[in-house]
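The values are calculated or read from the model by the stated rules, or taken from the named source; none is laboratory data. The model shown is predicted, which means the values in this text are computed figures rather than measured ones. Ideal geometry is used to build each Cβ from the backbone, glycine not excepted, and the neighbour counts take in all protein chains shown.
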């Protein structure tokens, strides 16, 4: 199980076939794991200065002099999911319990970065699972969401990754994940609509097979 969880941190189990990574493996992020952090930070700062110059700004003016450093430190925080150890995240917080009704955790706030334009998207995730013989500590569910959110992402993939990690860790009877998100790439640019909201879902096990369970979960989200 540990190997499976580690794999999910960098690879999507359905998308790694024939030796090809899914495009969302740790790929270039492997550089971050092995290179000196100070060197990586300096490279980001240099890249930001280049961007500032090429959009017509002066990176040495007072208001921008510290911007490359601030952005480098910001990326270290908002893209921390690449370096999160999923095994340490779960940290053995699995508990034997005689309970086989749905466990639902709603309104988990998240912030992520769209991989297409590197603009934020944000919203809430709602998660349900039906235990087989174990439950996971309540705080771990939002942490799993955050681990996958704090990467360059697309909402569809993130939804599936969250569901499949919970399935790998708990091996429950079923998992359901619904994610809603507002995307700045469609609000600030492109179609420029003020309030678009995207909904994605991913179901495993009983939630995929049983439409009544799915309906019950969706009804809970409306309350």
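Sub-9 Å Cβ pairs linking a first residue in region 197-223 that is over 11 Å from residue 176 (Cβ atoms) to a second residue that is in a loop (DSSP other than H, G, I, E, B), at least 6 apart or interchain, number zero. When residue 76 is tested against (1) within 20 Å of residue 207 (Cα to Cα); (2) surrounded by 15 or more Cβ atoms within 10 Å (Cβ to Cβ); (3) without any contact (Cβ under 8 Å) to a residue 40 or more places away in the chain, exactly one condition is not met: (1). Within region 131-163, the set of residues being surrounded by fewer than 23 Cβ atoms within 10 Å (Cβ to Cβ) and within 21 Å of residue 100 (Cβ to Cβ) comprises 131, 132, 133, 134, 135, 136, 137, 138, 140, 141.
Specify which of the listed residues (145, 177, 135) is under 25 Å from residue 211 (Cα atoms), in contact (Cβ under 8 Å) with a residue 40 or more places away in the chain and in contact with a helix residue (DSSP H, G or I) (Cβ under 7 Å, 6 or more places away or on another chain). Break it down into steps so the answer makes sense when it comes.
On the way: 145 fails: in contact (Cβ under 8 Å) with a residue 40 or more places away in the chain; 135 fails: in contact with a helix residue (DSSP H, G or I) (Cβ under 7 Å, 6 or more places away or on another chain).
Step by step, each of 145, 177, 135 is checked, and only 177 is under 25 Å from residue 211 (Cα atoms), in contact (Cβ under 8 Å) with a residue 40 or more places away in the chain and in contact with a helix residue (DSSP H, G or I) (Cβ under 7 Å, 6 or more places away or on another chain).
Of all residues in region 37-57, those that are within 25 Å of residue 83 (Cβ to Cβ) have Cβ atoms under 7 Å from Cβ atoms of residues that are in a loop (DSSP other than H, G, I, E, B) and at pLDDT 95 or above, 6 or more apart or on another chain, in 49/59. Residues that are farther than 14 Å from residue 121 by Cβ number at least 1 in the following helices (runs of 4 or more DSSP H) confined to region 139-213: 140-149, 155-170, 206-209.
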